[in-house]
1. Name the single residue that is surrounded by the most Cβ atoms within 10 Å (Cβ to Cβ) among those in region 117-136 being at pLDDT below 90 and not in a loop (DSSP other than H, G, I, E, B).
2. Residue pairs, Cβ under 6 Å, 6 or more apart or interchain, first in region 113-128 and without any contact (Cβ under 8 Å) to a residue 60 or more places away in the chain and closer than 17 Å to A47 by Cβ, second among the hydrophobic types (A, V, I, L, M, F, W, C) and surrounded by 14 or more Cβ atoms within 10 Å (Cβ to Cβ). List them.
3. Taking R55 as the residue in question, decide whether it is touching a Phe, Trp or Tyr at 6+ places or on another chain (Cβ under 7 Å) and either under 19 Å from M129 (Cα atoms) or among the basic types (K, R) (or both).
4. Can you list the strands (runs of 3 or more DSSP E) found entirely within region 1-116 that contain at least 2 residues being surrounded by 11 or more Cβ atoms within 10 Å (Cβ to Cβ) and at pLDDT below 75?
Amino acid sequence: MNKHLTLITTTPPISLSWEEDASGPETPMKPIFDNPSLAKADRMVCAHCGEDITRSSLRIAVHGSHRHTVPTEHGIDQEIGCFSLAPGCLSAGHFALDFGQQAEGYWQMALCASCGNHLGWHHQTDSDMGFYGLILDHLAAGPDDNQEKAA
C-alpha cells in the first residue's frame, strides 16, 4: 500500500512517501534521519538548491550536544544540529512556543534564503543572540573550496 505524508506546508511542500508491506511488523519503525557526510564538511549547503547555509566553524553545543533528535507529531524523528549563525537562512513567521516554555525562549522557522526550503528553526531569548537548529537531513556537504579553485 502506498502512503504519503506532508510534514509541513511550505512551497514546495516537504513530504515523505513510502510503500508499506502488508506482511511487515504491525508497529512501524520510527526512522531517524542521519547525514554522516556533514561530519567532515566545512561548508554546508541547502540539499534542495545547493546554496551556502552555514560552516562547520559555526557549530555549537546546546545543552551539552551539537546534535539533537526532535520527535515530530507524525512519528518521524528529525536530527538537528545547532549553529551559532546560518547566514544562508531566513527566519520567517511569527515566534512560536512549540518546543518549550516561554521562559526558555522563542522559535521561528528557518528557511533557505535562496529557495525557501524549510531547513529548521531559529531560537531566540530576550538575553542572547540565539542559535539555529538545522535539520541535518535538509543540508548537504558543500563542494571543497580547494577543488572549486583548481577547476
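1. Filtering first and then ranking leaves H123.
2. Listed by first residue and then by second, the contacts come to G120/I80; G120/A110; G120/L134; G120/I135; W121/W107; W121/A110.
3. No, not satisfied.
4. Where strands (runs of 3 or more DSSP E) fall fully within region 1-116 and carry at least 2 residues being surrounded by 11 or more Cβ atoms within 10 Å (Cβ to Cβ) and at pLDDT below 75, they are 2-8, 14-19, 89-96.
The values are calculated or read from the model by the stated rules, or taken from the named source; none is laboratory data. All figures in this text were calculated on a predicted structure; none of them were measured in a lab. Neighbour counts are summed over all protein chains in view; Cβ atoms, including those assigned to glycine, are modelled from backbone coordinates with ideal geometry.
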